[in-house]
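K.L.:
One structure, as structure tokens, below. Some questions next.
Bear in mind that the values in this text are calculations on the coordinates, not laboratory data. Because the structure is predicted, anything quoted here is derived from the model rather than measured. Using ideal geometry, Cβ is built from the backbone for each residue, glycine included, and neighbour counts are taken over all protein chains shown.
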Amino acid sequence: MRTIDLSPLYRSLVGFDRLAAQLDAAARTEASSGYPPYNIERTGENDYRIEIAVAGFKPEELNVEVKENLLTVTGRKAANDDAKQYLHRGLAERNFERKFQLTDYLVVVDAALSNGLLSVSLKRELPEALKPRTVEIKSSASPLIEGEKAA
């Protein structure tokens, strides 16, 4: 497992301790199970999509929750396989929980299930105060030079 020592950066960067905590959390998450597989796609300048392979799950067996910049996708399969007798069971229809740390101002727009893929659409929505703006430059009359009279 890889570890990154960010302590030299703390000497010159102030307020980045939260970033270090997020990097540590991401490193711990990667060590967990790779099930279910997923893709993270950038679909626009401020738009993203997470696609999770959830074949065999119904919409009511899936839950998408956002709390304090943490997106959690869970799948809870109903246990109703008592009547079925499998000769081979290769489909992994087990319960799962997948977590994604979201950056500030990234909101979940919607979630859709189609062809075994759960797609979660995200959009960065910056508050007006953080968006770039143009400042109007005002012009005033040129100051009088000593000895000149105002017209």
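K.L.:
Along Cα→Cβ, 7 Å out, is where each label goes; now give me the distance between the ones at Arg42 and Tyr105 in nm to one decimal.
P.N.:
The answer from the label model is 1.6 nm.
K.L.:
Between Val64 and Arg124, what is 0.36 nm times their sequence separation minus the Cα-Cα distance? Round to one decimal in nm.
P.N.:
Working: separation 60, 0.36 × 60 = 21.60 nm, distance 1.80 nm.
Contour length minus the Cα-Cα distance gives 19.8 nm.
K.L.:
Can I ask one more? In whole Hz, with x marking every Gly and Pro, tabulate ³J(HN,Hα) for segment 52-57 from phi via Karplus 6.51 cos²θ - 1.76 cosθ + 1.60, θ = phi - 60°.
P.N.:
10, 6, 10, 4, x, 8
K.L.:
Also, quick follow-up: Suppose the chain between Gln85 and Leu23 were pulled fully straight at 0.36 nm per residue; how much longer would it get relative to their current alpha carbon spacing?
P.N.:
Working: separation 62, 0.36 × 62 = 22.32 nm, distance 4.46 nm.
So the extension gain works out to 17.9 nm.
K.L.:
Could you run the Karplus curve 6.51 cos²θ - 1.76 cosθ + 1.60 with θ = phi - 60° over segment 104-117 and give me ³J(HN,Hα) per residue in whole Hz, x for Gly and Pro?
P.N.:
Couplings: 4, 6, 9, 10, 7, 8, 6, 9, 9, 10, 8, 6, x, 10 Hz.
K.L.:
Let me ask another. So for the pair Arg76, Asn95, with labels modelled 7 Å out along Cα→Cβ, what separation do we get in nm?
P.N.:
Label-label distance for Arg76 and Asn95, simple model: 0.7 nm.
K.L.:
Next up: What are the lysines whose alpha-carbon lies under 26 Å from the alpha-carbon of Lys99, with same-chain residues fewer than 8 places away excluded?
P.N.:
Those lysines meeting the cut-off are Lys58, Lys67, Lys77, Lys123.
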